[in-house]
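Below: the structure, in C-alpha cells.
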Amino acid sequence: MESLGKSMARNLVRFLVLLYWISICQAAIIFQPISDSHRYAALEIFRPSNGAFGSLEETYEALRTFNILGIQEKPDISAATCKSVLEVLGSSAVLKDLFHALRVNDVLKCEIKEEIYESITSRLKSVLNDARSLLDFYYSIGSLLLLKEQSSGVDLSINDADGVFHSIKALSQSDGRWRYSSDNSESSIYAAGLALEALAGVVSLASSDIDQNMIGTVKNDIVKLFDSIEKYDNGALYFEEKVVDANEHHGPLATTSSVVRGLTTFTAVTSGSLNLPGNSIFGLAKFFLGIGIPGDANDLFNQIDSLACLETNRVSIPLILSLPATVLSLTKEDQLKVRVNTVLGSVAPQLTVKIVRAFLSASKGTSIIKGQELKFDPQTGLHVLDVLPNAYDVGNYVFVFEIVLHDSEQKDTYATGGQIQEPIYITGVVKIEKAEIAVLDSDLGSTETKKKLDLVGGSVVSLSANHLQKLRLSFQLATPQGNGFKPHQAFLKLRHESGVEHIFVVEGSGKKFEKILDFLGLVEKFFYLSGRYDIQLTVGDALMENSFIKAIGHVDLDLPEAPEKAPRPPLRPVDPYTRYGPKAEITHIFRAPEKRPAKELSLAFLGLTFLPSLGFLIGLFRLGVNLKNFPTSTLPATFAILFHLSIGAVILLYTFFWLKLDLFTTLKALGILGVFLVFVGHRTLSHLASTSAKLKSA
C-alpha cells in the first residue's frame, strides 16, 4: 500500500509539472519549419475514397500538397482521376470545373488529344472577351496559362492584353482591395489576391509588353493593401476580411493565402522592386508556421502552398530560426542549439547566428550574455553554444538572436527577421536544505519538539500536539548558483485517518519557506477530529528537476470535543471501484434431495405398470382382429385409417410425456391432436352407424 501511495505521488508531481509546461507552451509559440509531422498529417487528411478524391479541386489540393512536401508514397489515383479530367475537358462544364481539371492534368499529365485543347482554347478566349466579373477573368486566364504549359500546338496569346489588364484593374479600390464585379460595390482582400494572379496571367500571355505605368499602379495598390495588414504580438502578420458578403467571406488563413499567391505570382512576371514595409514577408511566414498543423484539408493546402510561394518569391525569402530544444538542463550540461532553414526546411545560405543578449524574463534590464557568436557544425547543420556561461542559473530566459549573412548581396534576397526573441527554459537540481518540523507552545512560543527532516531520503517523523500548540514546517530552496528559488507549487497536506484532508500553501521569501499551523484557530476547520494526521509535503516546478511529493510523517492531534452546533466533516467519497467494480460471487444453497425408494422396488413397480398392456396384447391375439366392418369406400376408409393413426399418436404422446415432455407441452399437443381425433372418429362412427342402419332395413 505504501509503494502504491508513492507511485501515485510521483504521478501527481508529473501531472502538476505537465500542466505548468502546457501553460508555458501556450504562452510562447515556437516557429518551426515544415517537418515530417506535416507529411504524416497530409497522408492522414488527404485520403482518397474508391481510388479518387471528392472533387477535382480537392484532388489538385492533395496532389499539390504531396508534391511540395516531397511525399513519394502517395496514393495512386491516376486512373480514376484522369477519367474525370477527360469527362470535364470533353464537355461544356462550368468554367471553374474546367480550371480545376486543367490544374489536375498539369500534375498527372493525362493523355489529352490536341483537338480537345483547341476546343477549350476557343471557348476560353470567347469567355475572356465577354468577361465582366473577376472570377470569369481569373478562371479563363488561369486556364489559358495552364494550357500554355500543356499544349504546344495552340496559340494562347492574348492580343488585346492591355484592354484585359485595364478591365481587371477597373475593379480595384483605392485601399488596395478589389471588387468581384462592377455591380458589386463591396470590396475584398481575398479578391485582391485573385486579381493579382489574373493580372500576372495577362502579363504572361500578352503578345506584346504591358504598359509599365499600369504595372506600377498595381504595385502601388499592393503597398496600399499591406497598410491594412493585421499583427499578432509575436510578430506574425495576416490579412482578415472586415465586411464581406457571407457567401464570399473567407477566414484569415484563406485570405492571407490568396494575397501571398497573388503577390508572389505578380512579382514573378514583372520587373523592378516592390517597396513593402520592413519584415512583411517574414511576418507572413511566421503566421503560416505559427498555426501549427491544420486539421482541415483546405487549410493545410493553403498553409503549404503559401509557404511554397514564399520559398521562391522575388521579394525576399524568409529564413526561419528554430530551436530543436527550448529546455536545457544544467545537470546534463545540455548545449544550446539553433537551426536556420527556409520555411520548407531547405538549407540556408552561409550565415552566422549571434546571441545579441540574453536575460531573465523577470529582469529584462540585466543581460547575462552579449554578442556571443554560435559555432556552426557542418555535419548537423546546427549553430551551437558549447557551454552555458557560469552566470546561468535555473530560470526562464529570453534569448535575442540575430542572423548575419556572409554575402552582403544576399540581404535583398533573404529576410532574416531582424532580432528574434526566443524563450529558453533552464532546469536543474534545486538544493533542499535546513528542513525541520517542530511543535511549538502556543502561549510562550517555545519549541517543545523539533525534528530534522530528510526530504531527499526516506525518513519520517512522529509528533504529537494538542489544540493549544502550533506546528511549524520550514525548509530552504536554493538554485545550483546558490540563489533563492520559488517553486510553482509548495503545499502542505494533513490527512486524517478518516480520510478528511486539509491543504495549506507554504509561503516563502528568498530561500526560506515556512508554514505555521495554529491548531487553536483550526479546530473548526479540522471538525474537532482528534487522532492521527499524516503529513505530506509537495514541492514542484517545471524548472525543478527534483520535484517531489513526500510523506514526511504524522502528528497525533488531541482536539477538544465538538460542540453541539459544530460543523460536521464531509462524507467520505465513495470509492468508484467499490461502486462500479465486480460484485462478490453469489453462492446458492439448494435443498437436500429427498430420500428415494430402492432401485429394485422402482423396477418392480415399473414391471407391474406394464402388466395391463401385456394382458391387452395377449387377449387381442387370442380373440383375433375383426375387420369385417372396416369401410371399403375411399373416403370412409381414409377417415378410419386417420382415426386409428390418431389413437396411436395419442399413445405415442403419452410415451414421450413419460420419457421427456413436460405437462404443459403434452397438454398443448394433446389439445390439437384431440380435436383431430374427435373429428375423424365422428366421421368413421357415423359411417358405421349409417351402414348398420341400411343392413337392418334391408
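The values are calculated or read from the model by the stated rules, or taken from the named source; none is laboratory data. Everything quoted here is computed from the prediction, not taken from an experiment. A quick note on method: Cβ atoms are made from the backbone with ideal geometry, for glycine too, and the neighbour counts reach across all protein chains shown. What goes into the accessible areas is simple: the full protein's heavy atoms, side chains included, and nothing from ligands, DNA or RNA. Shrake-Rupley method; radii C 1.70, N 1.55, O 1.52, S 1.80 Å.
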Check which residues have an amide H placed less than 5 Å from Asn466's amide H, if you skip close sequence neighbours. Asp558
So for the stretch 320-427, Kirkwood radius off the Cα pairs, Stokes-Einstein at 10 °C and 1.306 mPa s: how many µm² s⁻¹? 110 µm²/s
Mean accessible area per residue over the stretch 320-427 (1.4 angstrom probe, all protein chains present, square angstrom) is 50 Å²
Carbon/sulfur fraction of accessible area - the chain, other protein chains in place, 1.4 Å, %: 54 percent
Leaving out ligands and nucleic acids, note down the accessible area per residue over the stretch 634-690 with a 1.4 angstrom probe, in whole Å². 72 Å²
Let me spell out the model: positive unit charges on the Cβ of Lys and Arg, negative unit charges on the Cβ of Asp and Glu, origin at the Cα centre of the chain. What dipole size does that give, in debye rounded to 20? 4400 debye
Radius, Kirkwood style, for the stretch 431-574 when every pair of distinct Cα atoms is counted (Å): 16.1 Å
Based on Cβ point charges of +1 for Lys and Arg and -1 for Asp and Glu, what charge dipole magnitude is obtained for the stretch 431-574 about its Cα centre, in debye rounded to the nearest 20? 380 debye
Among the trypsin sites (Lys or Arg not before Pro) in the stretch 108-199, which ones are in a DSSP loop with at most 16 other Cβ atoms within 10 Å of the Cβ? Mind listing them? Lys109, Lys113, Arg132
Identify all aspartates and glutamates with a Cα-Cα distance to Lys113 below 17 Å; exclude those on the same chain that are fewer than 8 residues away in sequence. Glu87, Glu149, Asp155
Show the residues, 5+ positions off or on another chain, whose built amide H is closer than 5 Å to the amide H of Leu440. Glu448, Lys470, Leu471, Arg472
Let me check something: with ligands and nucleic acids excluded, how do Thr609, Thr449, Thr587 order by accessible area (1.4 Å probe), largest to smallest? Thr587, Thr609, Thr449
Can you give the FRET efficiency for Lys109 and Gln419, using 1/(1 + (r/R0)^6), R0 = 45 Å, r = Cβ-Cβ distance, to the nearest 0.05? 0.45
Whole number in Å², please: accessible area per residue of the stretch 82-129, 1.4 Å probe, ligands, DNA and RNA not counted. 52 Å²
At least 30 Å along the helix axis (C-alpha) and Kyte average at least 1.0, DSSP helices within the chain: 599-623, 634-659
Working out 0.36 nm times the residue gap between Glu561 and Leu603, then minus their Cα-Cα distance, what length gain in nm do you get to one decimal? 7.1 nm
Between Lys668 and Glu585, what is the FRET efficiency for a Förster distance of 60 Å, r being their Cβ-Cβ separation, to the nearest 0.05? 0.95
Going toward the positive end of the dipole of the chain, with +1 on Lys and Arg Cβ and -1 on Asp and Glu Cβ, which of Leu300, Thr427, Ile437 do you reach last? Ile437
Return P(r) of the chain (all Cα-Cα pairs; 10 Å bins starting at 0; whole %; ordered from short to long distances). 2, 10, 13, 12, 10, 9, 8, 8, 7, 7, 6, 4, 2, 0, 0
Bounding extents of the stretch 634-690 in its principal axis frame from Cα atoms, largest first in Å, are 41, 15, 15
Site Ser462, offset 7 angstrom along Cα→Cβ, radius 20 Å on amide nitrogen, limited to the stretch 515-540, gives 530-537
Glu524 and Gln150 label points (each 7 Å along its Cα→Cβ direction) are spaced in nm at 8.3 nm
If one puts a single equal scatterer on every Cα of the stretch 523-610 and applies the Debye formula without solvent, what log₁₀ I(q)/I(0) results at q = 0.14 Å⁻¹? -0.93
In sequence order, what are the phi-derived ³J(HN,Hα) couplings for the stretch 517-523 according to the Karplus relation 6.51 cos²θ - 1.76 cosθ + 1.60 with θ = phi - 60°, rounded to whole Hz, with x for glycine and proline? 9, 8, 5, 5, x, 10, 4
The stretch 462-541 versus the stretch 368-435: alpha-carbon centroid distance in Å: 40 Å
Taking the Cβ of Asp221 as the centre, find all other residues whose Cβ is under 10 Å away and add up their charges (Lys, Arg: +1; Asp, Glu: -1). +3
